[in-house]
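To start, the structure itself, in structure tokens.
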Amino acid sequence: MPAGADLKVPGALPFITPNRVFYRVDTALVVPRVDTTDWQLRIHGDGVRRPLVLSLDDLLARPMVERDITLTCVSNEVGGPYAGNARWLGVRLADLLREAGVRPPSQGGPADQLVARSVDGMTIGTPVETVLDGREALLAVGMNGEPLPFEHGFPVRMVVPGLYGYVSACKWLRELRLTTFDAYDAYWVRRSWAARAPVKTQSRIDTPRAYAAPAAGRLPVAGVAWAQHRGIARVEVRVDGGAWQEARLGAEDGVDTWRQWVWPWDATPGRHTLEVRATDGTGAVQVERRSPPAPDGATGWHRIEVDVRAG
Ligand SMILES: Nc1nc2c(c(=O)[nH]1)N[C@H]1C(S)=C(S)[C@@H](COP(=O)(O)O)O[C@H]1N2
Ligand SMILES: [Mo]
């Protein structure tokens, strides 16, 4: 991790999210506790020339990489908490798929959807083209230096930079099946969420908190911005609808992680509105228009109000 990725602003969240506070979204009423002695991962389906069945030992014997990747949930409202950044240890999914003989649609492969299935019956569909386009799609076994916690998918989960969790991050994985989007709708798609859902550029103010009452004077406005796999190029802040001010960004850890930002505010007494917007690595500015999380991720600028006390 580059020096300066974590700006350590008081009141902001750490750059790496500790496992115990990492958000959780799952449909399991009881967290599955997988017995690793008989756990197997099966890779099969359309265009798989060499189907694979791997035990946990088989998987653990393979070369491992460690990558910092920010995970976000499609159900997150603007300003919401369902985003976390962790260091994932795992096997490159693309290598395994190539070993199984899978080709992406752009190279004539018949399957455009990879359906992951968990031990608890969740199904999550991911574009085959995306997991084979060179990004670090992982079958993760470690999270922040520990084995994957039960709550986050022990023993193995998927992590794909740039896609919301419900189309990429299957926990308690047990099967990968190659098929098409035409032939199969995964769990959330049957419940009218989009079949394909790249992460939308978002930014969030973490300090001060909404409706906080800080004392007048200089205080840091700070938070995070994310646009996984495109990167964050710029974050701007404005007060009471005034001119946009350039925030200072934390060092870039890579295009797959969020970036912290901070802007020093000379706060004057009274009620004020603070707003933030980010620009991604392609130069696209975060969408201003508010839209709800369904069907493929919320848009809009995070806005909070604070009541500055006379200093
Ligand atoms: N088996 C299973 N995997 C799952 C889910 C689930 O409900 N069951 N939820 C998905 C969703 S919607 C998200 S956002 C991420 C959340 O991962 P986390 O709980 O580790 O933060 O897991 C994904 N993987
Ligand atoms: Mo999610």
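The values are calculated or read from the model by the stated rules, or taken from the named source; none is laboratory data. Predicted model, so just to flag it, every value in this text is computed and none were measured. Reconstructed Cβ throughout: ideal geometry from the backbone, glycine too, with neighbour counts over all protein chains shown.
Of the numbered criteria (1) under 28 Å from P18 (Cβ atoms); (2) free of Cβ contacts under 8 Å to residues at least 24 places away in the same chain; (3) not aliphatic (A, V, I, L, M), the one P220 fails is (2).
Within the stretch 227-242, being assigned to a strand (DSSP E or B), among the charged types (D, E, K, R) and in contact (Cβ under 8 Å) with a residue 40 or more places away in the chain holds for R234, E236.
The set of residues from the stretch 173-187 being hydrophobic (A, V, I, L, M, F, W, C) and either more than 14 Å from ligand 1 (Cβ to nearest atom) or outside the structural domain of W39 (by TED's automatic domain parsing) (or both) comprises L178, F181, A183.
Take V48 and decide whether it is more than 16 Å from ligand 2 (Cβ to nearest atom) and assigned by TED's automatic domain parsing to the domain that holds M158.
yes
The sole residue among G109, G101, G79 that is within 16 Å of L132 (Cβ to Cβ) and surrounded by 18 or more Cβ atoms within 10 Å (Cβ to Cβ) is G109. Restrict the check to the stretch 212-226 and report whether at least one residue is in contact with a Phe, Trp or Tyr (Cβ under 7 Å, 6 or more places away or on another chain), assigned to a loop (DSSP other than H, G, I, E, B) and more than 16 Å from W301 (Cβ to Cβ). Checking the stretch 212-226: not a single residue is in contact with a Phe, Trp or Tyr (Cβ under 7 Å, 6 or more places away or on another chain), assigned to a loop (DSSP other than H, G, I, E, B) and more than 16 Å from W301 (Cβ to Cβ).
In the set L89, L96, only one residue is more than 14 Å from T179 (Cα to Cα), over 18 Å from the mean Cα position of the chain (by Cα) and either within 16 Å of ligand 2 (Cβ to nearest atom) or touching a residue at least 40 places away in the same chain (Cβ under 8 Å) (or both); that residue is L96. For the stretch 205-227, a residue qualifies if it is over 16 Å from V239 (Cβ atoms) and surrounded by 14 or more Cβ atoms within 10 Å (Cβ to Cβ), and the qualifying residues are D206, V224, A225, W226, A227. One residue alone among T130, T123 is surrounded by fewer than 20 Cβ atoms within 10 Å (Cβ to Cβ), β-branched (V, I, T), touching a residue at least 12 places away in the same chain (Cβ under 8 Å) and under 21 Å from V189 (Cβ atoms), and that residue is T123.
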